[in-house]
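Notes for the one structure printed next.
What follows draws every value from the coordinates through simple rules; no lab data is involved. Because the structure is predicted, anything quoted here is derived from the model rather than measured. With ideal geometry, Cβ positions are generated from the backbone for all residues, glycine too; neighbour counts draw on all protein chains shown.
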Amino acid sequence: MTDTWIILGATSAIARAFIRKQAEAGAAFILCGRDIVDMEATAADATVRGAPEATFMPIDMRDAATFDAVIEAAKGLEGTINCAVFVGSMPGQAEIDSDPSLIDGVVTDSFTGPARFLTLLAPVMEAREQGVVVGISSVAGDRGRLNNYVYGAAKAGFTTYLYDVMLTVGDPNEAVAYFQRANANDPGRIDFLRGLAKSLVRAGRPEDAVTAWKAVMEHAEVTSEDKVGYADALIRADQWSEAEKVLDAIPPTYETFERYRLEAMVADSNQEWNRADSFYETAVGLTTRPAGALNNWGFSKLTRGDYAGAERLFADALRHDPTMFTAKNNLVLARGAQRNYDLPVIQMSQTERAQLLHTLALSAVRQGDVTMAKGLLREAIDTHPQHFEAAVRALRALEDNVVN
C-alpha cells in the first residue's frame, strides 16, 4: 500500500525539497499550509514526479479548528501515514522586544500548534502500528542565540516534545540508534544519556539499559525521576536487591506513581505483604489510570492465596480499563480458585469468551473438578470463532484420563 505524507508547512523551501524526494519514491501527500495557490503548484509538481495522489488542505497552527478536517482525512487513508513538520515563525528579536504579544504567535507556530496536531494524529498512526514523524528543529533551540531566543525557546520545546514521542510511541530500536548517535556527536548531555537508557528499556534490553542508566547516575544533573528509571531497569534485569537500594536512597518527599509502583513490586518480591499493600494503595491514588497497578496488586493477592481480595482488585481494574485482557484472565483465575466457574459479567469478545472459558477449565482441573473442566472446554471449543487447538488438546487429554 502507498505511504502518505501529511506535510505541515508545505510552502517552505525545505518542505518542497522533501516533497520532491518523496514523490520520486512514489509517496502520496496531503499538503497543509496557508497559501493555497502555492500548495496547488507544489501538489501538481509532486504528481508529475511520481506521487499517485497529492491533495492540499488549509491549516493554521494558530487555529486548532483547522486541524479537524486534516485528521478526518487521515482516518480515511489506506496504508501507512507519516507526518513531516516544517512550520514555524521567526520575527526579529528586536521586533518581539518592542511588541511582546508576538511571542504567542512564535510559540504557537513553532511548538504548541504542531505538538497539538501530532497529539491528535498519534492515535490514527498507532492504530496502524506503523508510520514516521519528521520534525525540523533548529540550532537556536539546541544552543540558544541572542538574536532569536524566543524562537529558540519554542524550538527547544518542540524538540523535547519529539523526544518524548520517540520514547513512547516511536520504534524503540530506531530510538536507540538515534540516541547512540546523539551521544556520540554530543557526549555528556544528560537528555541524550537519559533518552538512550529509556529507549533500551523499551527495546527489551534491560542489561544494556542498566549500563546506560549508570552513566545517567554519574551525571551532575541526575534527578530523583532518573533514579526511579534506573530502579525500573534493575528490576527488569532481575537485580531486585540493587533496585531496592536505589529506591531506598530516593528522598521520601519524592512521591510519584512510578516510584510507589516499583516500591510495591520490590515489597512483593520480599513477601512483605503489608508494605506491598500500602505502596500499591499509594500508587493507585497518584494516577488517573490505575488499571495496571490494580491488576498487579490483584496478582499479588492471587499469589498469596487471597482469592476474594484479588477478585475485587481485578474487577476494579476492569472498571478503569474494560479492554485489559490480562485483568479479565486474572479475574477468571481468582474466581476459579474459589470454585466459581461462572464467567463474570464483563465486556468481552467471542474469542475472549472462549479463552476465558479455557482458563476456567484449567482452574477446574487444578481443583480436581474434572467433569466441570470438560464441560467448560467443550463450551470454549464451541464458542471460539476458529479452531481452538489448546482447548481441543486439553479436552482430549482429560477424556483419555491424562491430566497435564
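Computed from backbone phi with θ = phi - 60° and the Karplus coefficients 6.51, -1.76 and 1.60, the 3J(HN,Hα) list for region 61-73 is 4, 8, 9, 4, 5, 6, 6, 4, 5, 5, 4, 5, 4 Hz; x is used for glycine and proline.
Report summary: the helix-based calculation at 222 nm, which adds -39500 (n - 2.57) for every DSSP H run with n ≥ 4 and divides by the residues of the chain, gives -20000 deg cm²/dmol. Specify the residue with the greatest mean-square fluctuation among TRP273, TRP213, TRP297, computed from a Gaussian network of the chain linking alpha-carbon atoms under 10 Å apart. Fluctuation is largest for TRP273. Placing unit charges on the Cβ atoms of the charged side chains and taking the dipole of the chain about its Cα centre, the candidate lying farthest along the positive direction among ALA154, MET90, GLY79 is GLY79. Distance from the Cα centroid of region 5-52 to that of region 342-404 is 55 Å (rounded to whole angstrom). Compute the signed sum of charges (Lys and Arg +1, Asp and Glu -1) over the other residues within less than 14 Å, Cβ to Cβ, of ILE381. Taking every Cβ under 14 Å from that of ILE381, the sum is +1. Only lysine pairs 8 or more places apart, or on different chains, with alpha-carbon atoms under 26 angstrom apart are counted in the chain, and they number 12.
Less than 5 angstrom separates the built amide H of VAL134 from those of CYS83, ALA84, VAL85, all sequence-distant by 5 or more or on a different chain. Dipole orientation for the chain: of the candidates ALA237, PHE179, ALA28, ALA237 has the Cα lying most toward the positive pole (charges on Cβ; Lys, Arg +1; Asp, Glu -1).
Rounded to the nearest 0.05, what FRET efficiency do SER98 and LYS245 have when you use their Cβ-Cβ distance and R0 = 35 Å? Computed FRET efficiency for SER98 and LYS245 comes out at 0.05.
Just checking the listed ones, SER12, SER101, SER110: in the Gaussian network model of the chain with Cα springs under 10 Å, the one fluctuating most is SER101. Couplings for region 123-130, taken from phi via the Karplus curve 6.51 cos²θ - 1.76 cosθ + 1.60 with θ = phi - 60°, read x, 5, 6, 4, 4, 8, 6, 6 Hz in order; Gly and Pro are left as x.
Rounded to the nearest Hz, the phi-derived 3J(HN,Hα) couplings of region 109-120 under the Karplus curve 6.51 cos²θ - 1.76 cosθ + 1.60 (θ = phi - 60°) are 5, 9, 9, 5, x, x, 5, 5, 4, 5, 5, 6, where x marks glycine and proline.
Collect residues whose amide H, placed 1.01 Å from N in the peptide plane, falls under 5 Å from the amide H of ALA54; neighbours closer than 5 in sequence don't count. The list, which skips near neighbours in sequence, is PHE29. Here the chain is treated with +1 on each Lys and Arg Cβ and -1 on each Asp and Glu Cβ, and its dipole about the Cα centre works out to around 800 debye. For the residues PHE388, PHE111, PHE279, a GNM of the chain with alpha-carbon springs under 10 Å puts the largest fluctuation on PHE388. Each Lys or Arg adds one and each Asp or Glu takes one away; over the other residues whose Cβ falls under 14 Å from the Cβ of MET324, this sums to 0.
Per-residue packing, averaged as other Cβ atoms within 10 Å, sorts the ranges 89-100, 198-209 into the order 198-209, 89-100, beginning with the highest.
Of ILE6, GLY131, GLY50, whose Cα points farthest to the positive end of the dipole of the chain (charges on the beta-carbon: +1 Lys, Arg; -1 Asp, Glu; origin at the Cα centre)? Sorting the options by dipole projection puts first GLY131.
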